[in-house]
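So the structure is just underneath, and the comments pick up after that.
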Amino acid sequence: MVQKTEKKSAATSATNGISDALRRKAISKNWPLVVVERALRGGVKEELLHQALDAGMTPLQAREMMVGGDHGEIKLSMAWAKVDTERGIRAEIGKKGLTIDAINVGSYADVPDLWPDQTMRPRGAYVKPGAVSMGYTIYSKAEVWADNLGELYEEAIQRRWRPATDIPWDTIETLPKDRERAIGQICTELCEYNYAVILALGKWVREVSYGFHEVKLFLSTVLFDAGRHYEAFRKRALANGSGLGVQATGDRLMPIREAMCYSEMATMVFMVNDSFVLSLYQLLAALAQNDAEVKLFTLAAQDKARHLAYGVEHTRFLIEHQPERRDEIRRYLLKGEEYIAKDRVADTPMREALAIHLGGGVKQIGEGFRRLDDFHRRQLQAYLGRVEAAGLENHQDVLWPELAADLQPAQA
């Protein structure tokens, strides 16, 4: 049976003029044999067909590039190599390797104040007429930029960690039920916050014009960080018998979701909420009951500090280049503060869980609430310092009233 098949194939090859080697290669590359036969009849040399197949060309590509006749040859226009882009650029490899900032050299380092190009053209590449529009809505550099984006992106890539294996989960020992349920409630609400960040950034990343690729790259790492934090805190809640707690009121998440422009979202995520969350991560690392919690909240704080560094620098850059928006940004801060204050009043589960954790148990709840007041005061002081670093001085004078009250020592 095999012999009959081979004879039949040989006969077919003989009749259509295709050699066995060319036939086998064409079949392996999914080329119709009729196309190969037509090319041979048109005068294309078998050697050139082999070259086209080896190069991975489709039949249509090969047809466009081949000229018929007795001396068929592949014709290359090389038009793509004649465009007016800067050539001869060689980036310097530094101590940290070939970083994203290191390749910003020559004309490729020029980041214009406006980038209205609607395509996915990499910055510095030649414009191809008729390229597909991607429908971006953010063209202003000041709206999204920060001068530390390249550095923060490289740090995010180099410091990535894996919750499954980088956290020593086996160090968690049995805790009193009230302490375990308190940490479970805290982790539940941290999961909610990080999920809200994913939803907010997922909406805005696609709107940023491709000319600001550093912004898109860094925000992608923030999305990944938020997903990792969601995963890690959920694992802590489920690792030692607590389980998840009660859903939060979600007041502080509403303005993030409803932001009407990128800077509004960025101010409330990276300046307001991330400042308060970073302080909370640091507190939880200090109160950790085991090595797993120390590592978990320390690594999470490391990531959050990076996000906050972008928020401070972005706000500073925006105010410096568009000073007429200073009052607008301050209104965004106040809006975020208002919802933080509402959340503190309405979110009884989080408030009590933190007091239990700070006091060392339900029996020490009074001491826990006193320490919680002290913690809120330190949170606000750290937040005001970051706002001032971003270029909005004396913000304490206009701080949302319910939060401003936390700056005063608690009354007996």
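No lab work stands behind these numbers, since they all come straight from the coordinates. This one's a predicted model, so the numbers in the text were calculated from it and none came from an experiment. Note that we place each Cβ from the backbone using ideal geometry, even for glycine, and neighbour counts take in every protein chain shown.
Rounded to the nearest angstrom and ordered from largest down, what semi-axes does the equivalent ellipsoid of the stretch 285-372 get from its C-alpha gyration tensor (root of 5λ)?
34, 20, 8
Once the stretch 141-407 is represented by equal point scatterers at the alpha-carbon sites, with solvent omitted, what log10 I(q)/I(0) does the Debye formula produce at q = 0.09, 0.15 Å⁻¹?
Here the Debye-derived log intensity ratios amount to -0.39, -1.10.
What Kirkwood hydrodynamic radius, in Å, does the stretch 129-281 give when the mean of 1/r is taken over all pairs of distinct Cα atoms and then inverted?
For the stretch 129-281, the Kirkwood estimate is 17.3 Å.
Using the Cα atoms as the points, what is the convex hull volume per residue of the stretch 201-315 in Å³?
Here the figure is 109 Å³ per residue.
Grab the DSSP H runs of the chain that are 4 residues or longer, score each as -39,500 (n - 2.57), total them, divide by all residues and round the 222 nm result to the nearest 500 deg cm²/dmol.
When only DSSP H runs of four or more count, the value is -18500 deg cm²/dmol.
Could you list the square roots of 5 times each eigenvalue of the Cα gyration tensor of the stretch 266-412, that is, the equivalent ellipsoid semi-axes, sorted largest first and rounded to whole Å?
Sorted largest first and rounded, they come to 29, 19, 11 Å.
For the stretch 175-217, state the average projected area of the convex hull of the C-alpha atoms over all orientations, rounded to one decimal in nm².
Averaged projected area of the stretch 175-217's Cα convex hull equals 3.8 nm².
Give, rounded to the nearest 20 debye, the magnitude of the charge dipole that the stretch 141-407 has about its Cα centre when Lys and Arg contribute +1 at Cβ and Asp and Glu contribute -1 at Cβ.
The dipole magnitude comes to about 560 debye.
Sort the following peptides by mean Cβ neighbour count (other Cβ atoms within 10 Å, averaged over residues), highest first: 180-189, 140-149, 163-172.
180-189, 140-149, 163-172
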